[in-house]
Amino acid sequence: DSDRFLAAFCDRYIRGRTDVGVATREKYGHTKRFLVGMFGEDRLLKSITKADAKSWQRWLMQQPVRIDKDGNVIRTMAESTASKHVKRAKTMFDDAVDARLIDESPMDAIKGGQEVNRKRDFFVGRNAAATVLDACPDHDWRLIFGLARFGGFRVCELLNVEWGDVLWDQNKIRNNSPKTGLRFVPIFPELAPILEAAFDNAYPGQVRCLERY
């Protein structure tokens, strides 16, 4: 059975995850790429040991993510990114156990660390927000920033917002998020003028708030 081999198993698993969105399946695809990158496409699942899993985790942390013009590695994979791959690998190998392709998961030998890189956190205060808004080239870009900063919209949510979701009389926006489901976002005073300006500049019959993207 081809599912006994690493690449074929990963492909089958990813195709079968119809309960998640396309973006999530793509992330599993990235993890598969790193698994295959170390172990090879035709590696038997049952031949991957706990020691191999530990080596894979260390190998992940050595993968270059930024290289200068001379080919020198400037930065390797962040611990938070490696931890996300470890988490997804654990999920896939647990499925292999459930499918009785292997007796136990080698990924049980490793633990993921912090999945959020807090070193990259930056609080966008009023002065910084004003600077960004002044630099935005048009109403669409101001709305993108305004919804993210003052409405807490994720990137995957921005393009789903329609003008019909803006409940002006209730002073809130309906956000039917593909990630978290339906929630309502208040139209805060900082967001209101940005939203109104974008609405005034929308073309007749425009459905989505960010139709051009």
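The values are calculated or read from the model by the stated rules, or taken from the named source; none is laboratory data. Remember, predicted model here, so these are calculated numbers, not experimental data. All Cβ positions, glycine included, derive from the backbone under ideal geometry; neighbour counts span all protein chains shown. Areas reflect the complete protein model, heavy atoms only, side chains present, ligands, DNA and RNA absent. Shrake-Rupley method; radii C 1.70, N 1.55, O 1.52, S 1.80 Å.
Pairs linking a residue in the stretch 4-26 that is under 17 Å from Gly37 (Cβ atoms) to a residue that is of a type in the set (Gly, Ala, Ser) and open to solvent by 40 Å² or more (accessible area, probe 1.4 Å), with Cβ atoms under 7 Å and 6 or more positions apart or on different chains, are Ala8/Ser2.
Mind listing just one residue for me: the one in the stretch 65-83 that is without any contact (Cβ under 8 Å) to a residue 12 or more places away in the chain and not acidic (Asp, Glu) and, of those, surrounded by the fewest Cβ atoms within 10 Å (Cβ to Cβ)? Spell out the reasoning first.
Pass one, the stretch 65-83, residues without any contact (Cβ under 8 Å) to a residue 12 or more places away in the chain: 66-75.
Those still in the list that are not acidic (Asp, Glu) too: 66-67, 69, 71-75.
On the way: Arg66: 9, Ile67: 11, Lys69: 5, Gly71: 7, Asn72: 9, Val73: 12, Ile74: 9, Arg75: 9.
Checked the stretch 65-83; the qualifying residue surrounded by the fewest Cβ atoms within 10 Å (Cβ to Cβ) is Lys69.
Does the stretch 145-168 include one or more residues that are under 30 Å from Lys54 (Cα atoms), touching a Phe, Trp or Tyr at 6+ places or on another chain (Cβ under 6 Å), open to solvent by less than 30 Å² (accessible area, probe 1.4 Å) and assigned to a helix (DSSP H, G or I)? Checking the stretch 145-168: not a single residue is under 30 Å from Lys54 (Cα atoms), touching a Phe, Trp or Tyr at 6+ places or on another chain (Cβ under 6 Å), open to solvent by less than 30 Å² (accessible area, probe 1.4 Å) and assigned to a helix (DSSP H, G or I).
The test for being more than 22 Å from Arg15 (Cβ to Cβ), of a type in the set (D, E, K, R) and open to solvent by less than 90 Å² (accessible area, probe 1.4 Å) holds for Asp52. The single condition among (1) open to solvent by less than 80 Å² (accessible area, probe 1.4 Å); (2) farther than 28 Å from Thr18 by Cα that Gly181 does not meet is (2). Filter the stretch 1-40 down to the residues that are surrounded by 13 or more Cβ atoms within 10 Å (Cβ to Cβ) and among the hydroxyl-bearing types (Ser, Thr, Tyr), then identify the one that is farthest from Ser80 (Cα to Cα). Among residues in the stretch 1-40 that are surrounded by 13 or more Cβ atoms within 10 Å (Cβ to Cβ) and among the hydroxyl-bearing types (Ser, Thr, Tyr), the one farthest from Ser80 (Cα to Cα) is Tyr13.
State all residues of the stretch 185-194 that are more than 19 Å from Ala135 (Cβ to Cβ) and open to solvent by less than 70 Å² (accessible area, probe 1.4 Å); if no residue qualifies, say none. Of everything in the stretch 185-194, those that are more than 19 Å from Ala135 (Cβ to Cβ) and open to solvent by less than 70 Å² (accessible area, probe 1.4 Å) turn out to be Val185, Pro186, Ile187, Ala192. Scanning the stretch 17-51 for residues that are closer than 13 Å to Pro106 by Cα and small (Gly, Ala, Ser) turns up Ser47, Ala51.
Pairs linking a residue in the stretch 36-64 that is closer than 19 Å to Asp95 by Cα to a residue that is among the aromatic types (Phe, Trp, Tyr) and open to solvent by 50 Å² or more (accessible area, probe 1.4 Å), with Cβ atoms under 6 Å and 6 or more positions apart or on different chains, are Asp42/Phe5. Just one of the listed residues (Glu157, Glu196) is on the phi < 0 side of the Ramachandran plot, free of Cβ contacts under 8 Å to residues at least 24 places away in the same chain and touching a strand residue (DSSP E or B) at 6+ places or on another chain (Cβ under 7 Å), namely Glu157. Does the stretch 121-129 contain at least one residue that is of a type in the set (Lys, Arg), without any contact (Cβ under 8 Å) to a residue 60 or more places away in the chain and surrounded by 11 or more Cβ atoms within 10 Å (Cβ to Cβ)? No, the stretch 121-129 contains no residue that is of a type in the set (Lys, Arg), without any contact (Cβ under 8 Å) to a residue 60 or more places away in the chain and surrounded by 11 or more Cβ atoms within 10 Å (Cβ to Cβ).
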